[in-house]
1. When you go through 325, 301 one by one, which is the residue that is surrounded by fewer than 15 Cβ atoms within 10 Å (Cβ to Cβ) and either under 21 Å from residue 100 (Cβ atoms) or under 19 Å from the mean Cα position of the chain (by Cα) (or both)?
2. For the stretch 115-150, enumerate the residues that are in a helix (DSSP H, G or I) and in contact (Cβ under 8 Å) with a residue 40 or more places away in the chain.
3. Are any of the residues in the stretch 296-305 assigned to a strand (DSSP E or B) and touching a residue at least 40 places away in the same chain (Cβ under 8 Å)?
4. If you take the residues in the stretch 32-55 that are more than 20 Å from the chain's Cα centre (by Cα) and either modelled with pLDDT under 90 or surrounded by fewer than 17 Cβ atoms within 10 Å (Cβ to Cβ) (or both), which one is farthest from residue 70 (Cα to Cα)?
5. Can you pull out the strands (runs of 3 or more DSSP E) entirely within the stretch 165-268 that have at least 1 residues that are modelled with pLDDT of 95 or more and out of contact with any helix residue (DSSP H, G or I) (no Cβ under 8 Å at 6 or more places or on another chain)?
6. Have a look at 279, 303 and point out the one that is within 25 Å of residue 174 (Cα to Cα) and touching a strand residue (DSSP E or B) at 6+ places or on another chain (Cβ under 9 Å).
7. Yes or no: residue 161 at pLDDT below 95, out of contact with any helix residue (DSSP H, G or I) (no Cβ under 6 Å at 6 or more places or on another chain), more than 17 Å from residue 281 (Cβ to Cβ) and not assigned by TED's automatic domain parsing to the domain that holds residue 288?
8. Output the number of the condition that residue 123 fails; it satisfies all remaining conditions of (1) under 25 Å from residue 36 (Cβ atoms); (2) at pLDDT below 95.
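The values are calculated or read from the model by the stated rules, or taken from the named source; none is laboratory data. Note that the structure is a prediction, hence the values are computed from the model and not measured. Don't worry about glycine lacking a Cβ; one is built from the backbone with ideal geometry, like all the others, and counts go over all protein chains shown.
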């Protein structure tokens, strides 16, 4: 049943299992390792935000394979569907997982997943999105309000540098079911509301949908057009939607647009001058921290990382603003992307102009 006692019993022989597993066995979706050192489920929320499939899942799997080669990873992506994630969690629990790492589609409904896991003696790690009023063993994410403050600060400074101290902006916030989005929004408003800038309109984008953000931004161009001096977009997907709407409407020059997650397409838009900034969050570090914590819980140990926040062991990482000026010092230096990945033929000239080569 995946109980703490089962985990402790497995821990007695785990070093021998890990040594045997080094002969070529690694964690992998649906792969049964030689010797079951433990089963860890990773449930991610959606794939519209590219980070989950491009970084979080592979980095978690890679690091888990390094620290526990005999562990089996059970992986699922809910595609933005809370009901689907509930079914995936139930499936993982029936497969006797020992630890559940959960990035919730809807943090309210996720409480029932946590309760079901706890009833089986399975600890839950809340990954990226906090699950309040639930008995979780660990929470690893980024400082949400700091992300919003960082995005808004860079936007305000760029607009003020262009002489727009009382300009107009539109705000495209994140999903209303994501508590992180609420933190981003609160942090952004704390800066924008004190800046003298005027918010023409704002929108909470369902499921972080770039398509819905694009549709909304297209309507704002029809209504306000040249009055839009800047755009607060909560992540790179919504930023891309807004930029596509502006280009389709022939809006030129494009206003400065914020973003988040340092998606490859967003970094390339920044180099091309279509997007002003993004926020880099060390997702590889986050995934590694979650895998480390999952292994400690598997062994029956308390999580050593972070600090206690309201009774929950918590790690909150610092976000970093990325503009054209510091791409080499951030996403390239940290190994997220190579210059070759960024500077494809389409962006080679822009990269050269920006000194990225």
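1. Values: 325 fails: either under 21 Å from residue 100 (Cβ atoms) or under 19 Å from the mean Cα position of the chain (by Cα) (or both).
Among 325, 301, only 301 is surrounded by fewer than 15 Cβ atoms within 10 Å (Cβ to Cβ) and either under 21 Å from residue 100 (Cβ atoms) or under 19 Å from the mean Cα position of the chain (by Cα) (or both).
2. Going residue by residue through the stretch 115-150, those that are in a helix (DSSP H, G or I) are 115-119, 144-150.
Residues satisfying the conditions are 144, 145, 146, 147, 148, 149, 150.
3. Quick first cut of the stretch 296-305, residues assigned to a strand (DSSP E or B) only: none.
Scanning the stretch 296-305, I find no residue that is assigned to a strand (DSSP E or B) and touching a residue at least 40 places away in the same chain (Cβ under 8 Å), so the answer is no.
4. 32
5. Output list reads 198-204.
6. Details: 303 fails: within 25 Å of residue 174 (Cα to Cα).
Of the residues listed, the single one that is within 25 Å of residue 174 (Cα to Cα) and touching a strand residue (DSSP E or B) at 6+ places or on another chain (Cβ under 9 Å) is 279.
7. Values: at pLDDT below 95: yes; out of contact with any helix residue (DSSP H, G or I) (no Cβ under 6 Å at 6 or more places or on another chain): yes; more than 17 Å from residue 281 (Cβ to Cβ): yes; not assigned by TED's automatic domain parsing to the domain that holds residue 288: yes.
So residue 161 fits the description; yes.
8. Only one criterion is unmet by residue 123, namely (2).
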